[in-house]
1. For the chain, what is the accessible area per residue in Å² when the probe is 1.4 Å?
2. Under a 10 Å cutoff between Cα atoms, tell me which one of ASP49, ASP27, ASP222 has the largest fluctuation in the Gaussian network model of the chain.
3. Carbon and sulfur together cover what percent of the accessible area of the stretch 193-275 at a 1.4 Å probe radius?
4. Take the alpha carbon atoms of the chain, find their radius of gyration, then divide it by 2.2 N^0.38 Å using N residues; give the quotient.
5. What is the stretch 202-275 by shape, rounded, prolate or oblate, if you read a ≥ b ≥ c off the alpha carbon gyration tensor as root eigenvalues and call it rounded for a/c under 1.5, prolate for a/b larger than b/c, and oblate otherwise?
6. Given a 1.4 Å probe and every protein chain left where it sits, what share in percent of the accessible area of the stretch 78-126 is carbon and sulfur?
7. Would you kindly state how much longer the chain becomes between ARG190 and THR32 on full extension, computed as 0.36 nm times their sequence separation minus their alpha carbon distance, in nm to one decimal?
8. Explain nothing, just the number: dipole magnitude of the chain about its Cα centre with +1 on each Lys and Arg Cβ and -1 on each Asp and Glu Cβ, in debye rounded to the nearest 20.
Amino acid sequence: VAKREGGGRVRLFRREMGEDVAARQRDKAALTAALADDELVVHYQPIIDVATARTTHAEALVRWQHPGRGLLGPDRFIGLAEETGLIVPLGAHVLRTACAQAVRWQGQGHRLGVAVNVSPGQLSGNGFPREVDELLSATGLEPGRLTVEVTESVWADENAMRLLMAVRELGVRVALDDFGTGYSSLSYLRRYPFDLVKIDRSFTDGLGEDDRTGGVVRCIIDLAGALGARTVAEGVETPQQARWLRDAGCDFAQGYLFGRPEPVENWHPDLLTIT
Ligand code: C2E
Ligand code: MG
Ligand code: MG
Ligand code: MG
């Protein structure tokens, strides 16, 4: 486009590209420093067992406690981390932190597992299964207390799936995150076993508003059941949604109704129930 508009534009375009590269270098350096300075913190959001109304897991969600700009959500920096490869050390930091927290909860008598998001970039080399194995040995965490969450795009990547299945063989649970929003074909899903399907918030949002959404959610719950997996509904905000999901046989629920992602000091897992 720039070329067709003439030489002046091409220069402008190039200069802007140059500025882009410089800005990215600065952002990358800032994120690297943030990791080193321990500004990347982990908040936890409860996941509730619908049948018992108890919190059984906590999803670890990373935030950047930025000295000048306040608390930044993952949408502001995960993309950059993925593009620059920083997702590998960042992801390792979140994984270590969450496993240590699960062990601490265990020591305090809470039977809570942790769920950690894993990006495709963390499953590109060969190191991930060993990293997880060493972490489990070092912390003494029961493998079944750890869930790794990946999105559908990983399902199409054979090397990533080989690594993911090696992690699952350790006894770690695998969850398919944001289910229904990606482009996974059903033929991928029957190829590899997994433990949990997380029904994307966009479906939960529409529950009770229209029958078509309800039909799709019932279908996802059935599909998960047929594949030997259990279901987690994301983004549950109202008691009506929670009841709908319980009646439809959804196993777990997560959302602002039960608790927002919070630093661990703000956690009261015993107070969370479905009424
Ligand atoms: P996700 O894994 O699907 O996480 C759920 C997101 O939904 C979280 O956003 C959570 O705060 C939000 N959420 C939960 N319940 C509700 C609700 O009732 N209503 C609404 N409106 N939102 C709700 P968050 O923390 O901003 O994270 C966004 C995404 O960033 C995550 O989506 C995940 O894909 C990614 N992410 C977060 N932490 C990490 C990480 O440590 N590593 C990687 N690779 N990705 C991460
Ligand atoms: Mg997730
Ligand atoms: Mg999700
Ligand atoms: Mg989501």
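1. Working: 14270 Å² over 275 residues.
Spelled out: the 1.4 Å probe surface of the chain, per residue, equals 52 Å².
2. ASP27
3. Accessible surface attributable to carbon and sulfur in the stretch 193-275 totals 47 percent.
4. Details: Rg = 20.5 Å, N = 275, 2.2 N^0.38 = 18.6 Å.
Ratio of Cα Rg to 2.2 N^0.38 Å: 1.10.
5. On the way: a/c = 2.32, a/b = 1.63, b/c = 1.42.
Prolate shape, in that a/c is at least 1.5 and a/b is the bigger ratio.
6. Numbers: 1020 of 1990 Å².
Exposed carbon and sulfur together represent 51 percent of the surface.
7. On the way: separation 158, 0.36 × 158 = 56.88 nm, distance 3.89 nm.
So the extension gain works out to 53.0 nm.
8. Working: 31 positive and 38 negative charges, 117 e Å.
The dipole magnitude comes to about 560 debye.
The values are calculated or read from the model by the stated rules, or taken from the named source; none is laboratory data. Note that the structure is predicted; figures quoted are calculated from it, not measured. Neighbour counts are summed over all protein chains in view; Cβ atoms, including those assigned to glycine, are modelled from backbone coordinates with ideal geometry. Note: areas computed on protein heavy atoms with side chains; ligands, DNA, RNA excluded. Shrake-Rupley method; radii C 1.70, N 1.55, O 1.52, S 1.80 Å.
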